[in-house]
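Asks: Below you'll find the structure I mean.
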Amino acid sequence: MKTLKVAVLLGVAVVLSTSLISGSTSEGSSAWVSAVGEYCWELDDGAIIRLQITNVGNQHYLLNGRLEDPDGRIQPMIGNAEMKAGKVYMVTTSVGAGPLPSSETSAVIARFVLNLPSLNGTVEVSGLYHDPLGAPGNCHCGYEGPMNLTFVICP
């Protein structure tokens, strides 16, 4: 009898953990719903956005990763994602530096909208940029977008 109780409890634990990990939903793509792992997108300029996506339940996702630009610079990124009405909405923040010999630094907020099930979409970027070698107080705001994102296999 004790063995049967243990088997039933283990079965319930497996079923619960599987449903929590898969984050099942009626509106999502199975590729996104199983969002545990690394996902990549390519921008029109050849830059790659590489994000590790973690499903924390109830269609909430944590994002950790980086932007790899064609010049080889890496810009760390963190953020979150939500799913609603056949789309994935992501927001990331990042801090980076301009290409050498520039001393410019930037703080950027990016807003992504991805279509399900393709995971292609757009991104809009707003940021603050500062060059400490320029004129005192030389800080400016910038905006780019919307830019196309293409879901790709991570290189």
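The values are calculated or read from the model by the stated rules, or taken from the named source; none is laboratory data. From a predicted model like this one, the values you see are computed outputs, not experimental measurements. Neighbour counts are summed over all protein chains in view; Cβ atoms, including those assigned to glycine, are modelled from backbone coordinates with ideal geometry.
Asks: What pairs come up if the first residue lies in segment 33-61 and is modelled with pLDDT under 90 and crowded, with 19+ Cβ neighbours inside 10 Å, the second is polar (S, T, N, Q) and part of a strand (DSSP E or B), and their beta carbons are under 7 Å apart, counting only those six or more places apart or on different chains?
Replies: ALA35/ASN55
Asks: Can I ask one more? Does at least one position in segment 129-147 carry a residue that is in contact (Cβ under 8 Å) with a residue 40 or more places away in the chain and either part of a strand (DSSP E or B) or touching a Leu at 6+ places or on another chain (Cβ under 7 Å) (or both)?
Replies: yes
Asks: Can you go through GLY79, GLY96, GLY86, GLY57 and tell me which one is more than 20 Å from ILE153 (Cβ to Cβ) and in contact with a helix residue (DSSP H, G or I) (Cβ under 7 Å, 6 or more places away or on another chain)?
Replies: GLY57
Asks: Name the one entry in GLY65, GLY96, GLY79 that is assigned to a strand (DSSP E or B), modelled with pLDDT under 90, crowded, with 19+ Cβ neighbours inside 10 Å and out of contact with any Cys (no Cβ under 8 Å at 6 or more places or on another chain).
Replies: Matching residue, one of GLY65, GLY96, GLY79: GLY96.
Asks: Out of everything in segment 107-155 that is over 17 Å from the mean Cα position of the chain (by Cα) and aliphatic (A, V, I, L, M), what residue ends up being farthest from GLY96 (Cα to Cα)?
Replies: ALA135
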